[in-house]
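Below is one structure, written out as structure tokens; the observations come after it.
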Amino acid sequence: MSSPISRVVRSGVGRRRVQTVVIAVAVMMAVASAVVAWALLVAVNAPFDHAFARQHGAHLTVQFDPDQVGAEQLDAAGKLAGVTASGGPYPTTTIRGLDQEGRRTPTLTLAGRSSPGGEVDRLDLQSGRWAEQPGELVLATSFAGPAFELGSTLRVPDAAGSPTLTVVGLALSASRTADAWVTPGQLTALASADHPVTTQWLYRLDAAGTKEQLAAARERLAAAVPPGALLGAQSYLDTKRAADQGAAPTIPFLVAFGALGLAMSVIIVGSVVSGAVGTSLRRIGILKAVGFTPGEVVRAYLAQALIPAAAGIVLGVLLGNLLALPLLADTEQAYGAASLAVAWWVDLLVPAVALLVVGIAALVPALRAGRLRTVEAIAVGRAPRTGRGQWAHRAFGRLPLPRAVTYGLAVPFAHPVRAVAMLLAVVFGTVTATFAVGLTSSMGAITKAQDRESLAAVSVFSGAAHGPGTPAPGQLVSAAADPAKVRAAVEANAGTASFYGRAFAEVTVAGIPGAAQAVLYQGDSASGAPELISGQWLTGPGQVVVPTRFLERTGSRIGDSVRVTQEGDTRTLRIVGELFDTSNDGTRLHADQADFPKAGPVAFLVTLKPGVRAADYAEQVAAVVRPLGGEAIANQPSERGNLVLVLQAMATLLTLMLVSVAGLGVLNSVVLDTRERVRDLGICKSLGMSPSQTVVLVLTSVAGIGLFGGVLGVPAGFALHSYVLPVMGHSVGTNLPSSVLEVYQAPQLALLVAAGIAIALLGALLPAGWAAKTPAATALRAE
Amino acid sequence: MNHVIELTGVARSYDGAGPPALGPLDLTVAEGEALAVTGPSGSGKSTLLNLVAGLDRPTGGTVTVAGTRIDGLSEHALARFRRERIGMVFQFFNLLDDLTVTDNIQLPAQLTGTARRTAATRAGELMELLGIERHARAYPGRLSGGERQRVAVARALVNRPALLLADEPTGALDSASGQDVRELLVDLHRSGQTVVLVTHDLALAEACATRTIRLVDGQLALDSRTEALR
């Protein structure tokens, strides 16, 4: 850059400090929010892929029958064309254990491995150490919880001698090759006639992108061993699908925020640079008069925008990386596999796109500056203003309001383009705020909908409870106490207002392969009914209420019938309602316990009479049922899930950033306006306009835009929420109940409209203060 | 004799190290007097006017205008003082381009909270008095310089100020318009209006003023009243 241009750029950047700062800060915020959004998008979009790549995950996890195939043949299979690496042989079996409280665990796939490493499926040992001797067990992190932590024990009653295993480590296998690991020697000892030892081999393939490629590889492996020796093969694509489902709902949400952020930065940068050109016409004219070429003027004005923008981009990348760290940590907690660092290409791509956007936004007004004729440019700076907006002054002047107010209301009409830019900034800010408020409320509603149990004050179990709250479905399987006696204890207590019984049972459903889970209710369960999406709750036997995915998988609708079998009892149940329940892959059905009497209730959920303290009640009932083998506990609302916390944190952060950018857009426009009107304000002051009247004038000049922006932005935010939430729901295979979708209240919407005004007023507050403080004599000299 | 302006030891410095742009200066202006302030460029004429109007603050001395000591007033009180006690006419009119002639004239009255109808009546009277009633709904950009200055004078008088300050009121006008404004100021003075006029134009000073002072380098170089007493 030649010296005269650099001097012009330096003076331009220095003289217009507010605009320079606004460009830098707006770009910084936009870049930071883009980095955060993209980093999270990348992290939650492919947590499985990241972990799978890091661990050299197995594309195929294959079980062989050791009685039918020898080690040499299996070694040879590992060298087949298309196999790039293999791991094994690992002896495997399945067990069902009892935890320290004597409750049965779900069936666990156990593998015998002497170390977590290897060519394939290099396990992440997340805590503790690897199993080194018999009696030690490493558990998959997905099973970790209050019942199973380091030091917990697990007894295997079906194995010879009922050995007890101690949990010495928690490990993560992206490929989910097993649920737990022991030493190979220990594994053989745990196998039984019902659960014999099989041999596991893990394969990485050079072509594993599609189901067909994996099926072909499976066929090649099957052909390499004797017929029937290959017992089964698990594809990593199935595991990936299940893993990605947790992250899926965040994608539409992040895309919405990303689009808002991008639109906002384009508007702000375009409006700032256009404003800089618009208010520098005389300067441009003088530059040309002293010999600057149009090209040099374009370069000078482009540089004036790009220098602060570049600073904003650098700061934005740094800020974005800093802000992303805690959110990525949350994401890692939620998915167990995300990387704690922002993807490197995000740190390159976002700045590049930002620079391009800023460059284009600045180029248009810079070209306009270059095209301006010298005489015209100088004349524009001196001539009286054109008649734009005079009608507004006439119209608003008639209103029975203080003059400072009516004057301020008319100001935006003198610069329609600038007013529209300001309006768009407020609209996008309000859309963001409305969307974020709705999203946060929806997340709260989802938490509440998934925690209906805590609506009951006390849970009374016929088996011992473990930990706070109620046991996880399927985990509490011992039923030490007679449910009838436990029920009698609940009925006998004077504090009981109402109660219902509940049990979990494994069932099979025609149309759904494998087992499904059923929640069975006894008594008036309406108070604890999950959120209904459509239809009605159970009113008696012969009915079933099911989640959305259940309907999809069975191809049924409300009013249809399904055949459900539990321990040999088969019933045909009529679907009376669709409910919001994403647990058990969205296939858990809810029915009356009278249909399946073999599954007695294991818990009674009690609503108390007014004035009865839950803790006191639980203590009283526990005193009766504990000797029977039961337990009673006061319920507490369950904590919000990790995903909800991540989404709420992201929504809050991104909203604050985007609303700040909107405020900066307003600030910039008002600074430009105030600068242009400094003479008018000086005249008004010389005529006796007080500082407070000046502040009122400037604030009123944006209040109308704020109100209009709010009126436009709130319905748009509402619409965005109405669109994104169902998409998020569908990504996890469920419709959403009205309590999750219809979260806005009328007063809240009115407040959000007021948020538009607040964004505008906050943005205008600083320049209003400057305008009020500028001495009248100085302002008049600005002529 | 009632003094509308009383300046005692008034000084205004813009640069702490250098000599003051004005003063120290003692000056009084009596009610009904028409004072012309003359002097070369940079002599402190406009600074003096700004101090009297409360648009600027002295760095030394006291300024009392229409019985109010204004050098220590807050910005808010100064604004109230200006709108109620001072009318100002500028060289380049300083009309608001967005407002009609009527709206420009009414503005100071509206800022004081005068009732809409009262302000409109007063503006109508002044437009009629100054011969600009046919331009009532026009915008300043469409008027000649002389007409614009008449609008500015009407605006200055709308709140019946104790003091009318005029800063080079004919400086941007052709000779015919200048003569027009000159006659207007003479008429206003004859009607009892106290006027302080800053001008380079000695003919204007001679025609309008009952007293003339001359500033040179911020100091009072000549006061016609003192000269006359000699």
For this session: Scan the strands (runs of 3 or more DSSP E) fully inside segment B:18-112 and keep the ones with 3 or more residues being surrounded by fewer than 20 Cβ atoms within 10 Å (Cβ to Cβ).
Result: B:22-30, B:60-65
For this session: Report yes if some residue within segment B:96-109 is more than 10 Å from chain A (Cβ to nearest Cβ) and either touching a strand residue (DSSP E or B) at 6+ places or on another chain (Cβ under 8 Å) or over 28 Å from A:F396 (Cβ atoms) (or both); otherwise report no.
Result: no
Seminar exercise, completed: Counting only residues that are more than 12 Å from chain A (Cβ to nearest Cβ), within 17 Å of B:F90 (Cβ to Cβ) and hydroxyl-bearing (S, T, Y), segment B:41-67 contains a total of 1
Exercise. If we scan segment B:164-180, do we find a residue that is of a type in the set (V, I, T) and under 30 Å from B:G44 (Cβ atoms)?
Worked result: yes
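Taking the conditions exactly as written (under 24 Å from B:I5 (Cβ atoms) and more than 14 Å from chain A (Cβ to nearest Cβ)), does B:R122 satisfy them or not?
no
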Problem set entry | Test: residue in segment A:489-497 that is buried (at least 20 other Cβ atoms within 10 Å of the Cβ), modelled with pLDDT of 85 or more, among the aliphatic types (A, V, I, L, M) and in a helix (DSSP H, G or I) | yes
For this session: Give, as residue ranges, the strands (runs of 3 or more DSSP E) completely inside segment B:115-230 that count at least 1 residues that are among the β-branched types (V, I, T) and touching a helix residue (DSSP H, G or I) at 6+ places or on another chain (Cβ under 6 Å).
Result: B:194-198, B:211-216
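Restricting the search to segment B:207-228, which residues are among the charged types (D, E, K, R) and modelled with pLDDT of 90 or more?
Residues satisfying the conditions are B:R211, B:R214, B:D217, B:D223.
The values are calculated or read from the model by the stated rules, or taken from the named source; none is laboratory data. On a predicted model such as this, the values are computed, not experimentally measured, just so you know. FYI the Cβ positions are ideal-geometry reconstructions off the backbone, even for glycines, and counts take in every protein chain you see.
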